Structures are given as C-alpha cells and as structure tokens.
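First the structure, in the form of structure tokens, and then the observations on it.
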Amino acid sequence: MLKSISLVILSFSLLATANAVANPLALFVEQCLQYKPDLTSLKQEPVSSSVVNAVEFEKQTLALNNINDRIQYYRPFATDSLSKQGLLWCQLHLADELYELTTAKQTQQLIDVLQYQSAPYNQLAEQLKHIKDSQWSLTEKSKLHSAQATVNQALSERQLQMQFNDEQCLLASQSVIDENTQQASTNIDIHIAKYLLKQPNAKCRQQAWVAYQLRAKSKLLTAMSYIHELQQQRAIEQGYLNAAELALAPYDLTPAMLNRFLDTQTKSIGIAPWDIAQALFLTQKAAPIEVVSSQDYLSQLFDQLIPLGIRIEYIAQQDTVSDSKTDNINIIRIWHQQRLLGEIYTYPLSQQQPQQSSKSALSISGQLIKQTVIGHQFGQYALSFPAILTTQKQQQKLIAALSDAIVSLAQGGQFYLLAHKTQNKQQHAIASLWLSHYLTQLQPFSATSEREQLALQYQQQMRVFRSKVALHYYQFSGNLDNSDWLAYNTELSAAFADSFGQSWPSATDAIYSFQAIANEGISHYLPLWQDAVAQLIISQSAAQHSSLDIFNLLIVNEAYLPFNDQLEQLIGSPIDPHSLIWRFKHASTAQE
C-alpha cells in the first residue's frame, strides 16, 4: 500500500513539474510533496538550550504550518480533478509529516524541558503534548478518514428524487408524464425546501422531511458503525470509558456536564423542522436598506477600530477587470499601535461579472493565508465580498469576517501553535464574537426582523438537538447494530420535542442526517459554548473594563495569559466549567 502511494505521489510530482510554469497551483503541490521538516539542528543539551531549541523548532516547522494554511486558501481555486487530487495528496503528505514530527524523540525532549519554563514556552510544551497525544496511527487514521469520506460523499449527493407512495402527498403541479411509458410518474425531482413550503398537508411534510434526513442511511450504516468503533477503541486505549469522555477532557468537561449545558441552551420554538419553511414565509422579512459600497463600509469599520489601537494603510490597488464598474483589489496593511500585524487582501466580487454565479457574487468569506508569528512572519488574510452591500445581513456578515481577520492577525505570538485558530478554537472564536459585537453596537442597525429571529432560533435549536445526538452517539459504548442503541429513541425524541414542540419517534436515526457528527464529532456543541462565554464577557466585563482594555487582554494578550486567566480577569471567579454552566443559565436573572 505504501509503495503504491509513493508511486502516485511521484507521478503527480513529475506532472506538476511539467505544468509548474503554467499553473502556480501545480508548483505549490510540487513544493508541498517535497517538504520534510528536519529537527536534527536541535541541540542535544535541551536543558541548557531549551529556549534556543524552541525557536529552532518554530523555524523548522513553520513551513509545514504555512503550507497547511495555503492548502485551505487554494482549495476554492482547484476546479479541475488534477488540482483537487494534488491538494488531497499534499494534505495527506503533511499529515504523515506531522505524525513523524510529533513522535520524534527531539519533540518529546523539547516537551519534557519546556513544560518547566515560563510562558510562552510552557504553553508551547502543553500544545505539543496535546497534539502528540491526539495523533492517530497512520493505519487507524486512514481507516477513519475513509469512513468520514463515505459520510461526506453520501450526504453531499444532490441528485435526489422524491418518490411518493401516497398520491395525496403529491403537489397539484407535480404530476408529469414519463416519455417512455406515457404514464403519470410520481418520482419527482423537486427541492425539499420548496416541497415543504408548498405542501399544505402537515403529515406529508413530516414524511418528506424524515425521508430526506434518512436519504443516505443505507449507505452510512457501515461507515457510522465503523467510526463509532474506532473512536471507542481509541478512548478505551487511553483509559477513558467512551469517546465522549476523551473528547471533552481537554475542556475539563464530562458528558453529564455537557448534557446540563445543552439543557440550558434548549428553548422550544414550538415549530417542527418540517413546518419551519411555511412559518418563515408567514413572518415579516427584513426592511430594505440603503445600499452602500463595500469598500466604503469597510473603511467605516476600520475607522471604528481606531479607538482599539488599530490603524491601516492602503499599500496597493490592482484592477480586477477593465470594466470601470468593477472595484479594485486592495492590499490593506494592518497596524496595532506601532506593531505591524500583517495584511488583508480584499476581493470585491462585482455583480456585473458574468463568470460569477448569482450566489457566489453575493457571498462574503474570509480565509487565512499566513498566520502572524512574532519574530518570524507577518500575517496575511483574504476577504471577498460583493461590491455593493444591499442588506443588513450582508453588513453583519462583513463585520464578522473582518473581526475574524483582525483576531487572526492580532493574536500572533512567538509560536504558530499558540496563535492559530485551529489549535485555539476557544480563544479565537470568543475573541471574534466579542469584536464583532463591539463593531455591531456602533452600527445604526434596525431591529432584527421577525423572520431573521425565527431563522436564528431554529438554527440554534437544530445545533442543540444535533449536539445531544452526537453526545449520545459518542457516549454509547455498545454496538450500534443492537437494540441497546435504539433504546435511546425515547430520550432523543424527547430532546427533539423540547426544541421543536413535536416528537421524532426514531430520533436515533439523526446520526445519519448530518456530516458534522462524523467530522466534528462531539465538538459540534462548541459554537454554542463559545457564544455563551462571549455573552458573559459582553454583559459582565463592560462595568470594570473599557473596550480597549478588553481588546488588549482578550485579543492581543501580550502577557501570554492562558485563556482561563483572561476569562477570570474579565468576568471574575468562578470560571470552572460547572460554575460557567450555572452562570450561563442565570446570567439574565436579577439574582446574577
């Protein structure tokens, strides 16, 4: 197997070399496949040279991390199968190199010594140990990724048809004539959301929604059982009762505590998922706003960041096309006080460009290109957005994207692993939520429309329910094929009813309905937790701290404080998970 993989990589490498001049993406893949970190330069006397070795380790591994970020940046541009395959092999190659890196004796020696040093060196040791402990063997990792790919592929299938056994569930306009048999066909290719909106019969809507949730169940039975088996086996090998305990341990949470937290987030909207389309249609939509240039709006946001010590300078402009109606690509240099953080590349998407689909031309997205690492490199971030903002929701999305960019650039530390959001999901997400709130409060936004409020409530409760499903799935220690798993139908059906007002009798089938259960695992709950913590900071820190103080403490963090220390300064003790869950529940009461 390994020999065949080597041959595939070699063949792609030769092809990439031939096309490198014409295709920069092929050149990147070629460089990626040739990359290999080298730790032999680390000194053999780690006790006396621990700080020097830490810096050397950063120098030798920074390229690996940069290449990994660049893969994510290039992925939307890989439109042909060869480019997609190249990025996949690149990602697999980096994963293998990371495994070799974390299991190297030099890395273990570095961990052993740095853990007794002051910040940020002890924090680097802790992060390295966490990454080392979370590594799967190459064989088991290959099995897991294969099962996850099966789930992703099956649930991403869009060529679906709805077949109705009950003719009463057909919409009046749906009956069509099959050209071959000249008979009426009930095998209708229709978007599920459109059907749920148009179908007046609630029972038919429910049947269609449930059928859509189970559209890939037959394909996923083996994959979901295998993922569960692999995760449980790994947890037991590490001394835990189940995979849920293992996954929650880094956050000092237990399955029981997570269940209590999810209960605090459960608020019934009284509308079942199969009824939400019609309910949204009947609500009042957002009022129109005065359109604004995205570049002008972005400039306004940057002006509002000045009190936090952020200033900018435009260092380049480049015409995207010759059409005078199209905005320019800007490279914006970002400073905090006298420290250069990095650059943001802005890509306005003109609605006039014919190659852009209507959906992509209106989308707002951000992507890290290169992480800020003090003493090694400045950060780079890309933002794309429509040339004109026509809705308040677009403005809010641009605020969120800019907040992510600023946090990514400003949280740069001496070591990549202490700054990048992949390794610091809690800190980065909570800091971005706070900064987004800071900017949002400065906008003359109208009240959220009834339709948007209901949509947000529905999305939150679906995440709450699915988080409960994931918790039960990873906490269950038996075999998914036996009836013990189905015994959770009663509990999960009640959880479904708690959020949506109606039951789902076979709610254990939800494990076959969403990709996140295989990819994110039990961590699907994290955005709920992060938002709850951010709301505590927003509501309880303003009285004691200015916005500038919060920005410097939560985002810049020059003192390299651990997140718990940051949180304690911002909202006061206690901040252990059990106490936080209590505070989430009672934060809005007079007692709190």
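Compute the Rg to Rh ratio over segment 379-445 from the alpha carbon atoms, using the Kirkwood formula for Rh, and round to two decimal places.
Here Rg/Rh amounts to 1.03.
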Report summary line: Along the dipole axis of the chain (charges at Cβ: +1 for Lys and Arg, -1 for Asp and Glu; origin at the Cα centre), the most positive-end residue among LEU486, ILE131, GLN60 is LEU486
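Output the direction-averaged projected area (hull surface divided by four) of the convex hull of the alpha-carbon atoms of segment 415-460, in nm². Working shown, then result.
Working: hull surface 18.0 nm².
In nm², the orientation-averaged hull projection of segment 415-460 is 4.5.
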Requested in this report: Could you give the C-alpha radius of gyration of segment 249-299 expressed as a fraction of 2.2 N^0.38 Å, taking N as the number of residues it contains?
Outcome: 2.06
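Based solely on its DSSP helices, what 222 nm [θ] is calculated for the chain when runs of n ≥ 4 H residues each add -39,500 (n - 2.57) and the sum is averaged over all residues, nearest 500 deg cm²/dmol? Could the numbers behind the result be given before it?
Values: 25 runs with 316 residues, N = 592.
For the chain, the value works out to -17000 deg cm²/dmol.
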Report summary line: Output row, site HIS191, 7 Å Cα→C-beta label point, backbone N cut-off 15 Å, window segment 261-297, residues 277-278, 281
Query raised in the report: Using the per-residue mean of other Cβ atoms lying within 10 Å as a proxy for protection, in what order, highest first, do the peptides 370-377, 105-112 fall?
Result: 370-377, 105-112
Query - Solvent-accessible area of VAL29 with every protein chain in place, 1.4 Å probe, in Å² to the nearest 10 - result: 0
Query raised in the report: What is the mean projected area of the alpha carbon convex hull for segment 218-284, to one decimal in square nanometres?
Result: 7.7
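Stretch ALA587-LYS198 to full length: gain in nm at 0.36 nm per residue minus the Cα-Cα span? Can you show the working numbers first?
Details: separation 389, 0.36 × 389 = 140.04 nm, distance 4.10 nm.
Once the chain is fully extended between ALA587 and LYS198, it gains 135.9 nm.
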Report summary line: Eigenvalues of the alpha-carbon gyration tensor of segment 529-575, times 5 and square-rooted, give semi-axes in Å, largest first, of 15, 13, 10
Report summary line: Cα-Cα pairs in segment 96-141 separated by more than 18 Å, as a whole percent of all pairs, come to 29
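Let me check against my output: what whole-number percent is the relative contact order of segment 220-279, with C-alpha pairs under 8 Å and at least 6 apart? Before the final figure, lay out the partial values.
Working: 21 pairs, mean separation 8.6, N = 60.
That works out to 14 percent.
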Query raised in the report: Could you sort PHE445, PHE415 by accessible area so the largest value comes first, with the probe set to 1.4 Å?
Result: PHE445, PHE415
Query raised in the report: Ranked by accessible surface with a 1.4 Å probe, highest first, in what order do TYR473, TYR35 come?
Result: TYR35, TYR473
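Please give the charge dipole size of the chain, origin at the Cα centre, charges +1 on K and R Cβ atoms and -1 on D and E Cβ atoms. Round to the nearest 20 debye.
Working: 40 positive and 50 negative charges, 110 e Å.
Its charge dipole is roughly 520 debye.
Output the relative contact order of segment 524-592, whole-number percent, from Cα pairs under 8 angstrom with separation of 6+ residues.
Relative CO of segment 524-592 lands at 35 percent.
Which percent of the accessible area of segment 414-494 is formed by carbon and sulfur heavy atoms (probe 1.4 angstrom)? Intermediate results must be reported in sequence, preceding the final value.
Working: 1710 of 3630 Å².
Here carbon and sulfur together make up 47 percent of the probe-accessible area.
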Report summary line: For THR448, the accessible surface traced by a 1.4 Å probe with all protein chains present amounts, in square angstrom to the nearest 10, to 60
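How big is Rg to Rh over the chain, alpha-carbon atoms, Rh as the Kirkwood inverse-mean-distance radius?
On the way: Rg = 25.8 Å, Rh = 26.9 Å.
Result for the chain is an Rg/Rh of 0.96.
What net charge do the residues around ARG215 carry, taking every other residue with its C-beta under 12 Å from that of ARG215, with Lys and Arg at +1 and Asp and Glu at -1? Walk me through the numbers before you get to the answer.
Working: positive: ARG158, LYS217, LYS219; negative: GLU157, ASP509.
Summing Lys and Arg as +1 and Asp and Glu as -1 gives +1.
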Report summary line: Rounded to the nearest Å, the spacing of the alpha-carbon centers of segment 258-310 and segment 59-119 is 35
Report summary line: Note on the chain: contact order normalised by length, alpha-carbon pairs under 8 Å, 6 or more apart, percent, works out to 14
Requested in this report: Among TYR314, ALA172, GLN153, pick out the residue whose Cα is farthest towards the positive end of the charge dipole of the chain, where Lys and Arg carry +1 and Asp and Glu carry -1 on C-beta, about the Cα centre.
Outcome: ALA172
Query - Spacing of the two label points (7 Å from each Cα toward its C-beta) at ASP112 and ALA516, in nm - result: 4.2
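Give me the tail of P(r) for segment 46-98 as a percent: Cα-Cα pairs with distance above 19 Å.
Cα-Cα pairs in segment 46-98 separated by more than 19 Å: 43 percent.
In terms of the Cα gyration tensor, with a ≥ b ≥ c the square roots of its eigenvalues, is segment 349-495 rounded because a/c is under 1.5, prolate because a/b exceeds b/c, or oblate? Please report the intermediate quantities before stating the final value.
Values: a/c = 2.12, a/b = 1.38, b/c = 1.53.
Here segment 349-495 falls in the oblate category.
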Query raised in the report: With θ set to phi - 60° and the Karplus curve 6.51 cos²θ - 1.76 cosθ + 1.60, what are the ³J(HN,Hα) couplings of segment 143-157 in order, to the nearest whole Hz, using x for Gly and Pro?
Result: 5, 5, 5, 5, 5, 5, 5, 4, 5, 4, 5, 5, 7, 8, 4
Query raised in the report: To the nearest 10 square angstrom, what accessible area does ARG333 show with a 1.4 Å probe?
Result: 70
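Top to bottom by accessible area (1.4 Å), largest first, where do TRP89, TRP582, TRP434 land? Before the final figure, lay out each step's value.
Details: TRP89 40, TRP582 110, TRP434 15 Å².
From most accessible down to least: TRP582, TRP89, TRP434.
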Requested in this report: Provide the gained length on full extension for the span ARG158 to LEU548, in nm with one decimal, where the gain is 0.36 nm per separating residue minus the Cα-Cα distance.
Outcome: 135.7 nm
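The values are calculated or read from the model by the stated rules, or taken from the named source; none is laboratory data. All of these numbers come straight from a predicted model, not from anything done at the bench. Every residue, glycine among them, receives a Cβ derived from its backbone with ideal geometry; neighbour counts consider all protein chains shown. Quick note on the areas: whole protein, heavy atoms, side chains included, nothing else; ligands and nucleic acids left out. Shrake-Rupley method; radii C 1.70, N 1.55, O 1.52, S 1.80 Å.
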